[in-house]
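Below is one structure; the comments refer to it alone.
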Amino acid sequence: MKKKIGLISVISTALILSACGSHEGSQSIDTKKKAATTTESKENESKASFSDTEGSNSSKSAETESINGVLNPYIQESTKGQTEVIFDNTNPNINIDFDGFKFDVSQYQVVHVKNAQNEPYSFDGNKEGYVITLKTSINNKSGGKAYFNNPALQGKDEYDTTEPDVSLLEEKDKVKPEKKGTPSDPAYYEKNETKTGFIQYELSKEEFDTLVKEKTKLVVSNASKDSMMRQHLGEKQIIDFPLSGRSESKQQADSKFYQDQINKKNIAEKQLLQLLDNLNEKKTENNIDLTMNGLQFTKLTPTESFKRSFTGFDNEDIVALTVKIMVKNGQKESLPIDQFSAFLDTDKMHYLNQDSLESDSGKVEPGKTGEKYLVFLLKKSEYEKNNKFTLRIRHIQGNKIDALNNKEVTFNISK
């Protein structure tokens with residue numbers, strides 16, 4: 001598998017991941033921030049945590065009509081091989097709006113190439129391989145220029161990624177800005193610029209045979225107003241992207257689970273222990289409505305790359321509590337909901353939320369509603385002996401200050 005992870009993404013990942021530990025021990029940056037929000041203490045604070053510090057070793061269109069059902073006939077033309085569509089998703093429902101920068105995939109397919117006559121660089125020098133083709137459109141309605149990198153394919157986890165290839169694409173069909181760029185001055189999409197074309201991933205037989213067995217994802221990073229990708233337009237999306245009927249069925253079965261980062265990054269397999277849905281319990285503080293919609297207790301089986309990221313469980317099974325919170329912003333400014341300080345309490349234990357396992361729908365504009373998934377980790381024995389918990393949301397990092405105005409929002413949880 002082609003593994004290409006940029007320095008910026010590695011650094012960013014390292015910075016956002018947190019470890020949960022005693023207030024008296026060493027702490028990550030995120031944990032120190034949370035500790036500073038409260039002066040309370042409990043009889044015991046859980047040392048069980050997840051810390052991901054280690055990982056595994058002008059508009060043009062694609063106007064060419066398909067031949068024998070193949071979206072991109074240039075694959076056959078350039079390889080002089082035999083092409084066969086082995087998987088075709090004609091309605092992937094991938095429509096992303098990055099604050100006006102729109103990225104859509106209307107169809108994608110997997111093409112098997114055999115007996116290639118021309119030198120197939122993309123297949124590791126072999127005459128057989130696979131091409132994954134996305135029919136894609138981009139429309140920059142963000143109001144200004146926008147930098148955007150075409151998405152990557154994720155295999156078994158976030159350390160197993162495949163970047164797009166262009167060797168089997170005609171120039172007119174490549175999805176890229178009209179403006180040419182250089183390494184020091186990258187190209188960007190102009191205001192109102194549109195583009196329709198193909199994005200492709202070209203794999204050897206061995207690479208594809210490995211990838212198709214995984215719960216593959218399409219990793220679509222946010223667009224940005226600047227070339228350093230600091231002024232975000234929207235937030236990164238990780239989308240189920242099956243490459244066979246079997247993997248499609250498996251991913252559909254997994255859709256019953258709340259979509260936290262455990263699912264999105266294939267950090268662990270989940271087994272449902274308990275679901276409390278449609279709770280719709282609402283609390284309001286400082287013109288922000290927080291509604292606890294549902295709870296999922298799941299048993300986790302970490303995937304190979306993340307086994308050593310879970311610590312403090314004393315060889316017990318790991319249980320995750322994922323809490324689905326709806327956030328309605330009644331304030332006058334937009335509200336980021338990526339940074340929550342939250343606690344889950346029992347009579348004897350005190351758990352901190354695990355930032356690196358959580359997900360959200362991005363900043364919430366005034367009058368709008370967003371979605372937040374909080375995650376807490378417990379030992380299986382602690383889950384079994386406790387029937388009542390208290391969820392306490394102490395802090396939501398707004399644009400400048402605590403959006404809750406230093407007030408606490410509390411929910412009682414009964415299993």
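Worth a mention:
- Fully extended contour minus Cα-Cα distance, from E248 to S184, at 0.36 nm per residue: 19.0 nm
- Footprinting exposure proxy ranking of I401, I337, fewest other C-beta atoms within 10 angstrom first, gives I401, I337.
- Computed over the Cα atoms of the chain, the ratio of the radius of gyration to the Kirkwood radius (Rg/Rh) comes to 1.00.
- Extreme residue, positive dipole direction of the chain, given options T301, N72, M229 (C-beta unit charges): M229
- Fewest-first ranking of R392, R308, using other Cβ atoms within 10 Å as the exposure measure: R308, R392
- Square roots of 5 times each gyration tensor eigenvalue, C-alpha, the stretch 117-238, largest first, Å: 28, 18, 12
- Cα-Cα over 29 Å, subset of K180/K332; K180/K372; K176/K217; K102/K127; K332/K407: K180/K332; K180/K372; K102/K127
- Stretching E77 away from N91 to a fully extended chain increases their span by 2.4 nm, per 0.36 nm per residue minus the current alpha-carbon distance.
- Contour minus Cα-Cα distance for K385 and Q107 (0.36 nm per residue): 95.2 nm
- Virtual paramagnetic centre 7 Å along Cα→Cβ of S361, amide N under 17 Å, in the stretch 313-332: 323-331
- Label zone of N115 (point 7 Å out along Cα→Cβ, amide N under 12 Å): in the stretch 189-229 this covers no residue at all.
- Proximal charge balance of E214 [Cβ under 13 Å; K/R count +1, D/E count -1]: -3
Every number in this text was worked out from the coordinates using simple rules, so none of it is lab data. What you see is a predicted model, and the numbers here were worked out from it, not measured in a lab. For neighbour counting, all protein chains shown are included, and Cβ atoms are generated from backbone atoms with ideal geometry for every residue, glycine included.
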